[in-house]
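Undergrad: I have a structure I would like to understand better, so I am pasting it below and will then ask my questions one at a time.
The values are calculated or read from the model by the stated rules, or taken from the named source; none is laboratory data. Only a predicted model underlies this, so the values are computations on that prediction, with no experimental measurement involved. Cβ atoms come from the backbone with ideal geometry, glycine included; neighbour counts cover every protein chain shown.
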Amino acid sequence: MKKNDNVSIISRRDFCTGVLVGSAALSALPAKAGEVAPKKSVDRKIKIGIVGLGHRGNLVGDFCRAHGGYEIAAVADYFENTAQQHGQRLGVPQDKIFSGLSGYKRILDSGVEALLVMDVPYFYPEQAAAAVDAGCSVYIAKPVAVDIPGVQAIEAAAKKATEKKLCFLVDYQLTTDSANAEVAKRISEGGLGAMAHIYSGGTGGPWPDPKQGTTIENLLHQGWLSRIALCGDDIVSYDIHIIDGISWVMKKEPVSASGLSGVFRKRNGDTTDAGGVVFQYEDGIIWTHITQALKNNSTLHDLSADFMGVSATAHLGYWGKVYVRGGSKHYSGSASKSIYNDGIKVNVAEFYRCITEGDFANPTAKRAVDGTITAILGREAMARKSLVTRDELIRENKKLTANLKGLKA
């Protein structure tokens, strides 16, 4: 997947959409230095189930097959035809291909060891918690939730997974890239001097925006990215990639945010077209983030961030060259090429390692919880057009609700 100023709608859409139909081409790319490479031989086969067979579910499924250490034993998708088409493609037995909202429950009842959660973020907390309760490890896409109750459910599920000696891995890719890791290392070593300001952005979309039918069924296919209850809004569903990267570098989260947002197109859905938020850390560091979902050939930051210290600047990102410019830790940098595919490949291998070696520390879960709360904080500050504190947001415990009436169980 290549990124440039004129990136196509399809590329950006496929990057984020977990329920778009279509199988993904598998590229067997080598892991970069410092990354966890797939084993050349495997100790045993891990029986996995996949819920959600859109672009991401198929891509991760293909990487699991290529790894060699997994058996895709069961799959589920809300849509029967999607489940059948891709279940058969992935070599799943007919009696282990399920559909409907409760398809994931039938996967868990089928005797799998791990559940790959790849469908609509609104359902992730319920599905992940059920998997852990059933004694299954969890490999989960992002965002892990769309609201604070969902985030808290994920936090509880991950904690329970560790207690039950299960793995819980959140599939973030940027942090697996060796060039970005080098930038993060040099920042942590004080290469920028005192930190002053972070500037970042997400410019995805526009996403499919269909009218809702008599139920929300059609939105589960190609419209969930246009409904806040299902996706969390753009800053949560798409921008979370760079928000997680900033959490990874800073190792702390902002305590407040203020912002503005708006809708500038005729819309069926309720997600934001464009907005900006200013976060602030407890020590006074400022973080400015812009978000938009418009097809306007913008040259704004897209899933990248500049860390500006008093003596140097660093650039972290999903696309293009990352570097540290100036200061004692100057790094001329390296261009990232395929973080998306390479990162998934690394994470699939790491999930296997964690299960087979009994490593249940699950470090990606806490960062995913913290970063998702930050993204929700940004969404709420922009929507309310006022200052919102992190503590206030958590105390409110606001839940987003989608109307599931009439959907197939």
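Undergrad: Of all the residues that make up region 160-171, how many are surrounded by fewer than 22 Cβ atoms within 10 Å (Cβ to Cβ) and in contact (Cβ under 8 Å) with a residue 12 or more places away in the chain?
TA: Step one: list which residues in region 160-171 are surrounded by fewer than 22 Cβ atoms within 10 Å (Cβ to Cβ), which gives 160, 162-165.
Next, from what is left, pick out any that are in contact (Cβ under 8 Å) with a residue 12 or more places away in the chain: 160, 162, 164-165.
Residues meeting the conditions: 4.
Undergrad: Within region 213-224, how many residues turn out to be in contact with a Lys or Arg (Cβ under 8 Å, 6 or more places away or on another chain) and either small (G, A, S) or crowded, with 23+ Cβ neighbours inside 10 Å (or both)?
TA: Final tally of qualifying residues: 1.
Undergrad: Of these, V146, V132, which one is touching a residue at least 40 places away in the same chain (Cβ under 8 Å) and either among the hydrophobic types (A, V, I, L, M, F, W, C) or on the phi < 0 side of the Ramachandran plot (or both)?
TA: Every option except V146 fails the conditions.
Undergrad: Tell me which residues, restricted to region 139-178, are of a type in the set (F, W, Y) and over 10 Å from A368 (Cα atoms).
TA: The answer is Y139, F168.
Undergrad: Oh, and also: Can you tell me which residue is nearest to A156 (Cα to Cα) among those in region 315-366 that are modelled with pLDDT of 95 or more, basic (K, R) and within 20 Å of the chain's Cα centre (by Cα)?
TA: Within region 315-366, the match that is nearest to A156 (Cα to Cα) is K366.
Undergrad: For region 187-212, enumerate the residues that are within 25 Å of the chain's Cα centre (by Cα) and buried (at least 19 other Cβ atoms within 10 Å of the Cβ).
TA: Hits for region 187-212 are I187, I198, S200, G201, G202, T203, G204, G205, P206, W207, P208, D209.
Undergrad: Looking at K252, K266, which one is free of Cβ contacts under 8 Å to residues at least 12 places away in the same chain and either more than 28 Å from E182 (Cβ to Cβ) or not hydrophobic (A, V, I, L, M, F, W, C) (or both)? Give the steps one after another, and end with the answer.
TA: Values: K252 fails: free of Cβ contacts under 8 Å to residues at least 12 places away in the same chain.
Within the list K252, K266, the selection yields K266.
Undergrad: Please go through region 126-152 and give me each residue that is out of contact with any strand residue (DSSP E or B) (no Cβ under 8 Å at 6 or more places or on another chain) and under 19 Å from V236 (Cα atoms), ordered by number.
TA: Result: E126, P143, A145, V146, D147, I148, P149, G150, V151, Q152.
Undergrad: Run down I228, I187, I243 and say which single residue is among the aliphatic types (A, V, I, L, M) and in contact with an Asp or Glu (Cβ under 6 Å, 6 or more places away or on another chain). Show your work before the answer.
TA: Values: I187 fails: in contact with an Asp or Glu (Cβ under 6 Å, 6 or more places away or on another chain); I243 fails: in contact with an Asp or Glu (Cβ under 6 Å, 6 or more places away or on another chain).
Going through I228, I187, I243 in turn, the sole match is I228.
Undergrad: Let me ask something else. Run N180 past the list (1) within 16 Å of the chain's Cα centre (by Cα); (2) under 17 Å from D239 (Cβ atoms); (3) part of a helix (DSSP H, G or I) and report the number of the one that doesn't hold.
TA: Tallying (1) within 16 Å of the chain's Cα centre (by Cα); (2) under 17 Å from D239 (Cβ atoms); (3) part of a helix (DSSP H, G or I), N180 fails exactly one: (1).
Undergrad: Moving to a separate point now. Among the candidates V249, V310, V255, V277, single out the residue that is β-branched (V, I, T), in contact with a strand residue (DSSP E or B) (Cβ under 7 Å, 6 or more places away or on another chain) and crowded, with 23+ Cβ neighbours inside 10 Å. It would help to see each step written out before you state the result.
TA: Details: V249 fails: crowded, with 23+ Cβ neighbours inside 10 Å; V310 fails: crowded, with 23+ Cβ neighbours inside 10 Å; V255 fails: crowded, with 23+ Cβ neighbours inside 10 Å.
On inspection, the qualifying residue turns out to be V277.
Undergrad: Within region 319-342, restricting attention to residues that are crowded, with 22+ Cβ neighbours inside 10 Å and not hydroxyl-bearing (S, T, Y), which residue is nearest to R65 (Cα to Cα)?
TA: In this case the residue turns out to be I339.
Undergrad: Going by the structure shown, is K295 within 21 Å of A196 (Cα to Cα) and among the basic types (K, R)?
TA: no
Undergrad: Would you check which residues across region 370-409 are hydroxyl-bearing (S, T, Y) and surrounded by fewer than 22 Cβ atoms within 10 Å (Cβ to Cβ) and list them?
TA: The answer is S386, T389, T401.
Undergrad: Taking the residues in region 337-387 that are of a type in the set (S, T, Y) and in a helix (DSSP H, G or I) as candidates, determine which candidate is nearest to S178 (Cα to Cα).
TA: Restricting to residues being of a type in the set (S, T, Y) and in a helix (DSSP H, G or I), the top hit is Y340.
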